[in-house]
Amino acid sequence: MGTGDKNAENYRIVILNRRLQFQDRAADETLVGPARMVDIEGRCTDCWGPVATLVDGNGRWISIACRVCGRRVDAEDAERERKRMKREADRNMPRVRVGRGAKYDEKAKFVLKILPDMDRNKAEFEERVDDAKRRAQPKRKGERRLTRREFVEMGTPGYLYCQACALVSGLGALPRDTSAISLLDFDFKNSGSDLSRPRVDAQGRVQFSARVPLKRSIHGLMGKRMGTALIAGFAAAFACEVGMKAILMTRCDEAKMTHDLLDLYESLPKDCKERLQSDIAGIADILSKYRHVFSEWRYFEPNAGKDAFLALVDLDRIWGLERAARAIVDEGTVAGLQYDIDLRYDFDLQSMAHVNEDLTFTIAPDDVTASTKVSMKISGHESAIPWDAILAL
Ligand SMILES: [Zn+2]
């Protein structure tokens, strides 16, 4: 590094997210147009997790890393990846601002996800929701459908969205062992007694086999890993389910009351599926493989079969589903879903006090009652996005 790089060692970690405003539309324009504002966030293509960069004092990227799976690129590769990501995002910008899916390089390790803040048309949205409320008949027996009759208050889909976001955040905090079972788990030292007599086959190769027992110390650990995989699988499947139901409610005013992930995916609006497919190639296949995790595979029943069991403990596949869940959460943001969590802490102390002559007061230490109350309020929001007009642009 040359002497001109005095600032080079002032490293800082930067989370990749920024907001861009566009001035290419007149402020008083009333026609629907491309999004005036977008949020840009880094995503790892392996797990669709958020991305952080290590930047030196000269603004050079030293390293790019995924905050969920730990994937990273360093040094010149990081600088090269930055330029590539930037070019790609510039190319994607005009498409994404009018609701089309982004196009990413197949080999990209990290990408910039653009989340457009679409125009609003409150009157049109309210009319649509009111109409949906009127149309929603009381359910016939056996019919399983969520409608605006259940989601009377506008904004309610935001609660479901909040739940999907919380599940996805929680999944990121689970340990990421790569497999429920590893070769290191087997006790090769003590496998000698089961060794078969060597055989020589027709090609002259020597063959022998042995049964290698598991290390005793592993039994508890394996249970933990398998349990983590199960928790991750169920939570990822449930995040996908509530995320898609939230999107369906805000976009279509109804959603099937099903756990079947493929069924929910197929009922999403076309533009929504296109964006999801752009972010996670083959997302329909992933959801299809896992479509029954919550409905039929919750129990280790013999009739759930080998597939169900493997799917539930195979971490590689579970992380695939988690990736889909993250992309669905992004799509919820694009669909205009939001939520707020408001935490309040109230503290109340009471005592009989004796007021002194100098106006100070004394309290009797054995006569104090105190109470604390923590209250949490979640509120959900929807945005009145005129999708038909935007997609016609
Ligand atoms: Zn990652």
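None of the figures in this text is laboratory data; all of them are computed from the coordinates on show. These numbers come from a predicted model, not from an experiment. Because the Cβ atoms are built from the backbone with ideal geometry, glycine has one as well, and the counts that use them run over all protein chains shown.
Among 41, 241, 79, which one shows the highest mean-square fluctuation when the chain is modelled as a Gaussian network with alpha-carbon springs under 10 Å?
Looking only at 41, 241, 79, the largest GNM fluctuation is found for 79.
List the aspartates and glutamates whose Cα sits under 15 Å from the Cα of residue 107, skipping any in the same chain fewer than 8 residues away.
46, 77, 81, 88, 279
On full extension of the chain, what length is gained from residue 15 through residue 389, given 0.36 nm per residue of separation minus the C-alpha to C-alpha distance?
Between residue 15 and residue 389, full extension yields an extra 131.2 nm.
Where the centre of each part is set by its Cα atoms, how far does segment 269-285 sit from segment 216-239, in angstrom?
Cα centroid to Cα centroid, the span is 28 Å.
So if I take the centroid of the Cα atoms in segment 47-76 and the same for segment 331-378, what is the distance between those two points in Å?
If we compute the Cα centre of each part, the gap is 41 Å.
Which of the aspartates and glutamates could a cross-linker span from residue 256 if the Cα-Cα distance has to be under 16 Å and same-chain partners fewer than 8 positions apart are dropped?
Answer for residue 256, where 16 Å is the Cα cut-off: 143, 150, 241, 266, listed by chain and number.
For the pairs 103/270; 86/245; 224/377; 215/289, flag any whose C-alpha to C-alpha distance is greater than 27 Å.
86/245; 224/377; 215/289
Rounded to the nearest 500, what is the chain's calculated 222 nm mean residue ellipticity when only DSSP H runs of at least 4 contribute -39500 (n - 2.57) each, over all residues?
Dividing the helical sum by the residues of the chain leaves -12000 deg cm²/dmol.
Binning every alpha carbon pair distance of the chain at 10 Å from zero, what are the percents per bin?
With 10 Å bins starting at 0, P(r) equals 4, 17, 23, 21, 15, 10, 7, 2, 0, 0, 0.
In a GNM of the chain with a 10 Å cut-off on Cα contacts, which of 373, 86, 245 has the highest mean-square fluctuation?
Answer for the Gaussian network model of the chain: 373.
Among 379, 371, 209, which one shows the highest mean-square fluctuation when the chain is modelled as a Gaussian network with alpha-carbon springs under 10 Å?
Evaluated over the chain, the most mobile residue of the options is 371.
Can you check what the Kirkwood hydrodynamic radius comes to for segment 80-159, Cα pairs only, in Å to one decimal?
For segment 80-159, inverting the mean 1/r across all distinct Cα pairs yields 16.4 Å.
Please compute the Cα-Cα pair-distance distribution of segment 340-381 with 10 Å bins starting at 0, giving whole percents from short to long.
Answer for segment 340-381: a P(r) of 23, 29, 22, 16, 9, 1 percent.
Every cysteine in the chain with no other Cys Cβ under 4.7 Å from its Cβ, please list them in numeric order.
162, 165, 240, 252, 272
Defining a contact as two alpha carbons under 8 Å apart and six or more residues distant in sequence, what relative contact order in percent does the chain show?
19
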